[in-house]
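The values are calculated or read from the model by the stated rules, or taken from the named source; none is laboratory data. This is a predicted model, so every value here is computed, not measured. Ideal geometry is used to build each Cβ from the backbone, glycine not excepted, and the neighbour counts take in all protein chains shown. Heavy atoms of the whole protein, side chains included, go into the accessibility calculation; ligands, DNA and RNA do not. Shrake-Rupley method; radii C 1.70, N 1.55, O 1.52, S 1.80 Å.
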Amino acid sequence: MERFRQIPNAITIHRFFLAFVIPLVYFWISPVGAFLLGLWAFASDWLDGFLARRYKQYGWQSKFGADFDPYADKFLHYGVLILLWQLGKGGGELWWPNFFILGYDVVVFLFRHVFGFKVPSSFLGKKKTAVLFVALGFLLLPPVDPWIDATVLQETWNMGIALLWVAAVLTLLTLLGYTGEVLRQVRARLSQVA
């Protein structure tokens, strides 16, 4: 089992590259193909974490995986978002919830990498990512497809937007939790100085 311990890292790296492949598939091959590839990419986020936790005793968890996984998720999220922008899909209904999510990403980056606070991933943060990926999956479906009824496509778009707003709310709640953790660490640091 130990010789396979890099599998979760390989899945994470592969998800990073899918952020670039999905738009190419959308434009050059098929929007439905990009949607299916997106589903695989989103499922792989769960798979790499599951394998790393399941086979932890064999050394399948790594610092690289823990550090790089959130960035692979962000590349995937923003890669799909740029694709949707390029397609001219959505207005404020698409962009406002993503504005909140981008703000969260910036603040968490500052907490972790600029100010040096230890802010581990939370259960709520993982749920936020899962909801966000399901929303992006719905939003990746093509606006018109000869095989799918237009009403169904419009309803999947509406479901994607609704889930995107749910992800934005979960993002704000996660940020509140992280901010509480940072404040606790600030108080601990100040008590050591005093």
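Would you work out which of 79, 150, 13 lies farthest towards the positive end of the dipole of the chain, given +1 charges on the beta-carbon of Lys and Arg and -1 on that of Asp and Glu, about the Cα centre?
The one lying farthest along the dipole's positive direction is 13.
Quick one: if you stick a label point 7 Å off each Cα along the C-beta vector at residue 82 and residue 67, how many nm between them?
With each label placed 7 Å out from Cα toward Cβ, I get 2.3 nm.
Within the chain, what whole-number % of the accessible surface is contributed by carbon and sulfur, with the 1.4 Å probe and all protein chains included in the calculation? Working shown, then result.
Values: 8000 of 11160 Å².
C and S atoms contribute 72 percent here.
Please compute the per residue accessible area over the chain with all protein chains in place, 1.4 Å probe, rounded to a whole number of Å². All intermediate terms of the calculation are to be shown ahead of the outcome.
Numbers: 11160 Å² over 194 residues.
Ligands and nucleic acids excluded, the result is 58 Å² per residue.
By a straight-distance test (C-alpha under 29 Å), which lysines pair with residue 63 as possible cross-link partners, with residues fewer than eight away in the same chain excluded?
74, 118, 126, 127, 128
Excluding residue 78 itself, what net charge comes from residues whose Cβ is under 14 Å from its Cβ, given Lys and Arg +1 and Asp and Glu -1?
On the way: positive: 15, 74; negative: 73, 105.
Combined, the nearby Lys, Arg, Asp and Glu give 0.
For segment 1-93, taking Cα atoms only, what is the radius of gyration to one decimal and the Dmax to the nearest whole Å?
Over segment 1-93's Cα set, Rg and Dmax evaluate to 15.0, 49 Å.
Consider all pairwise Cα distances in the chain and report the whole-number % of them above 30 Å.
On the way: 5030 of 18721 pairs.
Of all Cα-Cα pairs in the chain, 27 percent lie more than 30 Å apart.
Just going by the charge dipole of segment 87-194, with Lys and Arg at +1 and Asp and Glu at -1 on Cβ, which of 175, 94, 164 is farthest out on the positive end?
175
By how many degrees, 0 to 90 and rounded to 10, does the Cα axis of helix 123-140 deviate from the longest principal axis of the chain?
20 degrees
Taking 25 Å as R0, compute the FRET efficiency from the Cβ-Cβ separation of residue 46 and residue 93 and round it to 0.05. If you can, show how the numbers build up before the last one.
Details: r = 27 Å, r/R0 = 1.08.
Rounded to the nearest 0.05, the efficiency is 0.40.
Under a Cβ-Cβ cut-off of 15 Å, what is the net charge of the residues other than residue 16 that fall near it, where Lys and Arg count +1 and Asp and Glu count -1?
-3
What angle, in degrees between 0 and 90 and rounded to the nearest 10, separates the Cα long axis of helix 150-193 from the longest principal axis of the Cα atoms of the chain?
10 degrees
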